[in-house]
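Inspection log for the structure reproduced underneath, given as structure tokens.
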Amino acid sequence: MKTIDPEQYEHIVFFTGAGMSAESGVPTYRGHGGVWSQYRWEEYACQDAFDGNPEKVLKFHELRRAAVLACKPHPGHKVIAKLEKKHPRVTLVTQNIDGMHQRAGSENVIELHGSLWRLRCPYDGISEDIGEKYKSCKCDKCGSWLRPDIIWFGDMLNQGVMSEAIAAIRCCDLFVSIGTSGVVYPAAGFPRFAKENNARCIEINPEANEMSSLYDEAIRDTAGKAMSELFG
Ligand code: APR
């Protein structure tokens, strides 16, 4: 595999999905062993489920927080965090809600799907909650159930966060997607935006998917190994 000299690029965008965290032991969503093969998202990851049984949904997310805390960032996460510090323009966009990039040292992460580490009151806004167990499941001010600050099935994406991601992707000259099946909107459109700026588009994923043809190059390897070799 040829290495990449980051200095040759003005603006690098990394776009990560569940495969990035899979190597740390966090389960992916789709496919064998994926979260949605064990749990029906209709019961755990949508507003209707929360409205029907908030305690069940919160418990599910609390279990996921504990599972994530038991995992550690891998060399691929660290390669990105290191590059952010030495390259003037690196943007990290993730679909992951697990906070692994931040634990590896990344400081400005655009989290498209929110975070497991925040809870939100429908009336009083967002509260940070970074423990393995929730500090409280009810809002201190109004007593409403707090919901995970995550984009669930059927939720609208946060338009401000989306615009920030798309603006970065539209003006990058190197776009590297790592560990995403690319099937969930808006991931599918991202390599197209990068191509509009003639960016070099690289996919890191052990398996091809229906979006793979949009990339100039595919590295059929795991995230940690591929990232270490590519930017070593
Ligand atoms: N390195 C790189 N890629 C990997 C690795 C690895 N070690 N292991 C698995 N993969 C790849 C798989 O081949 C698959 O293409 O990671 C991808 C994971 O795909 P999904 O489980 O569909 O995850 P993702 O694309 O992030 O899903 C998007 O869907 O359910 C929603 O909100 C959830 O953010 C999630 C979104």
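The values are calculated or read from the model by the stated rules, or taken from the named source; none is laboratory data. Predicted model only: the values in this text are computed from it and were never measured. Cβ coordinates were reconstructed from backbone atoms using ideal geometry, including for glycine residues, and neighbour counts include every protein chain displayed. Keep in mind that these areas ignore ligands, DNA and RNA; they rest on the heavy atoms of the full protein, side chains included. Shrake-Rupley method; radii C 1.70, N 1.55, O 1.52, S 1.80 Å.
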How many residues are open to solvent by 30 Å² or more (accessible area, probe 1.4 Å) and assigned to a loop (DSSP other than H, G, I, E, B) if we restrict to the range 192-214?
8
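Which one of LYS78, LYS85 is crowded, with 16+ Cβ neighbours inside 10 Å and assigned by TED's automatic domain parsing to the domain that holds GLU207? Full working, then the answer.
Working: LYS85 fails: crowded, with 16+ Cβ neighbours inside 10 Å.
Criteria check complete, one pass: LYS78.
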Any residue in the range 70-85 that is small (Gly, Ala, Ser) sitting within a Cβ distance under 7 Å of a residue that is assigned to a helix (DSSP H, G or I) and away from the ligand (no atom under 14 Å from the Cβ)? List the pairs, counting only those 6 or more apart or interchain.
ALA81/ALA104
By residue number, the members of the range 131-168 that are crowded, with 18+ Cβ neighbours inside 10 Å and within 16 Å of the ligand (Cβ to nearest atom) are ARG147, PRO148, ASP149, ILE150, ILE151, TRP152, ALA165
For the range 76-83, does any single residue satisfy the condition of being in contact with a Lys or Arg (Cβ under 9 Å, 6 or more places away or on another chain), within 14 Å of the ligand (Cβ to nearest atom) and among the β-branched types (Val, Ile, Thr)?
no
